[in-house]
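These notes concern the structure reproduced below.
The values are calculated or read from the model by the stated rules, or taken from the named source; none is laboratory data. What you see is a predicted model; the values in this text were computed from it and never measured. Every residue, glycine among them, receives a Cβ derived from its backbone with ideal geometry; neighbour counts consider all protein chains shown.
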Amino acid sequence: MPPALPAHVPLHAYLVLAAVLFAIGLFGVVTRRNIIGILLGIELMLNSVNINLVAFARFSGDVAGLVFAVFTISITVAEVALGLALVILIFRVRRTAVADHLDLLRG
Amino acid sequence: MIEPIAFAGLAVVLIGSALAVVLTKNLFHSVLWLALTLTGTAGIFLSLDAEFLAAVQLLLYAGGVVTIVVFAIVVTERLVGDRITQTSRQLVNGFIIAAAVLVGVLSFVLRSPGWGPRPPIPGDLTKAIGQLVLTRFVLPFELLALLFFAALLGAIYFARPDE
């Protein structure tokens, strides 16, 4: 057992963790070709934002941050439901889930 | 003493499963790893004394979102007739972009002064959330209801049978 272990977790630890998760989600959004894969990356990014909100709310002692986390979680769920409805609709019409194939508006 | 160990364990699970979400070839496995990530986030919320948010996270995210995504994958696989294997592209560019954003954010985070230990919990947090939602944030709360109504209508419109 290392003796240098701190007694409590500082705010910076949560912020760094959230930043790493955000970067991983961004990596997924940039590299995935499948639309559902891109949506999963967006989920990761929004999730990391929630960690930030809750951590700041807890360390500042202000409950408003928790309320905003509730709002972002609800809005994200609505966004995912609509996004996947769009994906299924695109599938019906174009028979593809690869974002690169959806270039109907290409000039 | 238990707190940093729990945080370290959760952080390892979170980062590992998040990497699996963006790197797994099989889209279905990717969703299952996302479920683990979201559950681990609920653990992070618990470590921050936000029990209500942990419950909301498990119910809405790990329960709702994962179910919807699995449903979408099953439906689209049935429509296209074969298994979806997803390939990634531009891994190097994606890594450079993500690393640049990470370095940019971390340079700000690590330069900022520390906040010191967390203050004691001001009473029941769940009760405080409920009171704030229905007093100070009642307008955003009602707008949220409107948003859900619009989302519901939109989802029904998108999912309508072909004429």
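Observations
- Considering residues of segment A:66-107 that are charged (D, E, K, R) and not in a helix (DSSP H, G or I) only, the residue surrounded by the fewest Cβ atoms within 10 Å (Cβ to Cβ): A:Arg106
- Some residue of segment A:41-60 being under 15 Å from the mean Cα position of the chain (by Cα), more than 7 Å from chain B (Cβ to nearest Cβ) and among the β-branched types (Val, Ile, Thr): yes
- Filter result for B:Ser30 (closer than 30 Å to A:Val63 by Cα, in contact (Cβ under 8 Å) with a residue 40 or more places away in the chain and either basic (Lys, Arg) or surrounded by 14 or more Cβ atoms within 10 Å (Cβ to Cβ) (or both)): no
- Residue pairs meeting the criteria (Cβ under 7 Å; at least 6 apart or on separate chains; first part of a loop (DSSP other than H, G, I, E, B), in segment B:123-144; second surrounded by 17 or more Cβ atoms within 10 Å (Cβ to Cβ) and hydrophobic (A, V, I, L, M, F, W, C)): B:Phe137/A:Val67
- Close Cβ contacts (under 6 Å, 6 or more residues apart or on different chains) running from residues in segment A:77-89 that are more than 15 Å from B:Leu144 (Cβ to Cβ) to residues that are among the aromatic types (Phe, Trp, Tyr) and part of a helix (DSSP H, G or I) comprise A:Ala85/B:Phe158; A:Leu89/B:Phe158.
- Residue satisfying all of: in segment A:4-21; more than 7 Å from chain B (Cβ to nearest Cβ) and at pLDDT 90 or above; nearest to B:Leu38 (Cα to Cα) among these: A:Ala18
- Hey, A:Gly37 closer than 19 Å to B:Ala62 by Cα and either more than 7 Å from every other protein chain (Cβ to nearest Cβ) or in contact with a strand residue (DSSP E or B) (Cβ under 9 Å, 6 or more places away or on another chain) (or both) or not: yes
- Whichever residue in segment A:38-65 is among the small types (Gly, Ala, Ser) and not in a loop (DSSP other than H, G, I, E, B) and, among such residues, is nearest to B:Leu46 (Cα to Cα): A:Ala55
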